[in-house]
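Structure first, commentary second.
Derivation of every value follows stated rules applied to the coordinates shown; laboratory data play no part. In this text the structure is predicted, and so the values were computed from the model without any measurement. As a convention, Cβ positions derive from the backbone with ideal geometry for all residues, glycine included, and neighbour counts pool all protein chains shown.
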Amino acid sequence: MEVNSIENGIVIDHIRAGSGLKLLSHLGIDTRTDTVALIMNATSGKHGRKDIIKIENLLDVDLTALGLLDCGATVNFIEHGKLVRKIKLSLPERVVGVIRCKNPRCVTSVEPAIPHVFLLVDPDTEEYRCEYCDESVRVNER
Amino acid sequence: MGAPRGLKGRSLLEPGDFTPGELAELFDLADEITESPERYAEVAKGKILAALFFEPSTRTRLSFETAMLRLGGQVIGFSEAQSSSAAKGESIADTVRTVGCYSDITVIRHPKEGSCRVAAAASDVPVINAGDGGHHHPTQTLTDLLTIRREKGRLTGLRVGLCGDLKFGRTVHSLIRAMRVYEGTEFVLISPQELRVPAYVIRDMEERGCPYEETQDMRSGMRGLDMLYMTRVQRERFFNEEDYIRLKDQFLLGAEQMRWAPSSMIVLHPLPRVNEIAAEVDADPRAVYFKQAKNGMYVRMALICALLGLAAR
Ligand SMILES: [Zn+2]
């Protein structure tokens with residue numbers, strides 16, 4: 001399957017097959033107006049199958065949330081048809097407002113209007129801890 | 001001698017917030033206040049401490065209030081959530097922000113874990129965590145450390161025994177976290193199988209390369225200890241009554257057990273105790289748990305001075 005290259009925008013490549021739709025929903029894209037291509041289960045020499053997202057005329061994305069969703073993906077920034085920057089995503093050190101704390105004894109369960117904040121403990125196990133109560137969570141088990 | 005300069009304006013939310021160097025300065029100040037209390041009797045004149053106790057804890061509240069009064073300052077606050085605006089549904093952040101307009105320093109105790117962090121974020125004045133649920137109680141840890149330093153003359157090279165409920169005992173977890181940074185610390189963990197320390201506490205010790213042993217036998221565990229930290233094995237921690245009855249007497253400290261202990265081994269307990277230390281041990285010079293309570297007041301006096309940047313004239 002072929003989708004035309006873009007002039008300006010971003011290409012998120014090497015997305016774990018099946019995760020593309022979830023990533024797309026976190027990008028805050030207006031699907032009524034933005035030009036978006038989601039390619040699912042593309043063949044990839046390295047990974048077997050992968051998803052790819054291409055978005056035209058968007059250069060500002062929240063890499064923190066993306067890294068948390070799929071730390072194996074890469075983000076390519078394209079300007080005037082040329083690759084100007086390539087970023088390999090990684091697990092963010094600090095995540096605000098993405099993971100919710102499930103500890104019923106945590107202050108986040110009663111206090112309105114405070115952000116849920118998680119800090120990276122161990123990149124190998126993808127373990128995070130709540131900044132308030134230290135409850136740990138592994139992001140892949142969410 | 002002045003207050004430790006690096007601590008002025010800061011908050012104390014968990015035991016690891018201060019470096020060993022900052023703690024040493026704080027304990028030096030506590031010693032100085034103990035020796036010359038008259039030089040500190042008016043340093044907090046004109047200052048107000050707000051004690052916000054969303055759950056009752058008479059012992060801790062009195063310790064803070066006494067500390068502030070002995071420094072010449074004044075105290076406002078409430079001692080249970082029912083009498084506060086929290087009963088009307090006000091958020092912690094709003095309560096703390098409002099009270100911060102009246103006071104120079106805020107002490108908060110709240111049943112929810114991490115509540116002190118919400119308070120500190122909302123407050124313009126220093127915040128001291130006086131217990132956030134089962135999470136942290138850093139001034140208890142400061143009290144324990146000051147007591148050890150005073151009784152043993154050092155915080156390094158100690159063989160530290162902890163006995164009883166090591167699973168749920170938050171003071172135990174905090175003390176391990178605080179002691180593991182000192183050179184040469186070794187831990188002996190004496191508890192029933194069901195109440196062993198949680199995995200993250202084991203990880204705390206391993207991260208620092210601290211040697212530790214786990215045992216269910218008090219007698220062998222006490223060999224070579226410099227100090228023994230006792231906690232209570234509570235009935236409600238057991239699923240069945242039989243296990244509780246089988247185990248409850250194996251982790252009690254009486255005169256007989258004290259005969260197994262080294263002559264220089266001090267005994268600490270966060271208090272209140274029930275029956276885990278027999279009254280007959282109280283007269284033993286190695287029992288220092290009542291001195292701990294007094295040290296708790298001095299260390300809180302030092303802490304208030306340090307966070308407010310108060311110095312003796
Ligand atoms: Zn939490």
Charge context of B:Gly9, other residues only, Cβ under 15 angstrom, K/R +1, D/E -1:
0
Straight-line reach from A:Lys102: which lysines have a Cα under 16 Å away, not including same-chain ones fewer than 8 places off?
B:Lys112
All-pairs Cα distance distribution in the range B:147-244, expressed in whole percent, bin size 5 Å:
2, 13, 25, 25, 19, 9, 4, 2, 0
Ignoring solvent entirely, what values of log10 I(q)/I(0) come out of the Debye formula for the range B:11-70 at 0.16, 0.29 Å⁻¹ when each Cα is a single scatterer?
-0.71, -1.16
Given 4 °C and 1.567 mPa s, compute D for the range A:9-88 with the Stokes-Einstein relation, Rh being the Kirkwood radius over Cα pairs; round to the nearest whole µm²/s.
102 µm²/s
Can you tell me the equivalent ellipsoid semi-axes for the protein assembly as shown? Use √(5λ) from the Cα gyration tensor, largest first, whole Å.
49, 29, 20
Between B:Leu252, B:Pro211, B:Pro285, whose Cα lies farthest towards the positive end of the dipole of the range B:177-285 when Lys and Arg beta carbons carry +1 and Asp and Glu beta carbons carry -1, centred on the Cα centre?
B:Pro211
Straight-line reach from A:Lys82: which lysines have Cα under 20 Å away, leaving out those fewer than 8 places along the same chain?
A:Lys54
Taking the range B:88-162, how much of its Cα-Cα pair set, in percent, is spaced more than 20 angstrom apart?
44 percent
Hey, any idea what the orientation-averaged projected area of the convex hull of the range B:75-222's Cα atoms comes to, in nm²?
10.9 nm²
If all Cα-Cα distances of chain B are sorted into 10 Å bins from 0 onward, what percent lands in each bin, rounded to whole numbers?
6, 27, 32, 24, 10, 1, 0
Ratio Rg/Rh, restricted to the range B:204-311 and using Cα atoms, in which Rh is the Kirkwood radius
1.05
So how far, in whole Å, is the C-alpha centre of the range B:267-313 from the one of the range B:1-67?
14 Å
At 7 Å along Cα-to-Cβ for each site, give me the label-to-label distance between A:Asp60 and B:Glu280 in nm.
7.6 nm
Report P(r) for the range A:1-40: all Cα-Cα distances, bin width 10 Å, range 0 to the bin holding the largest distance, values in whole percent.
24, 60, 16
Distant alpha-carbon pairs in the range A:94-141 (separation over 13 angstrom), percent:
50 percent
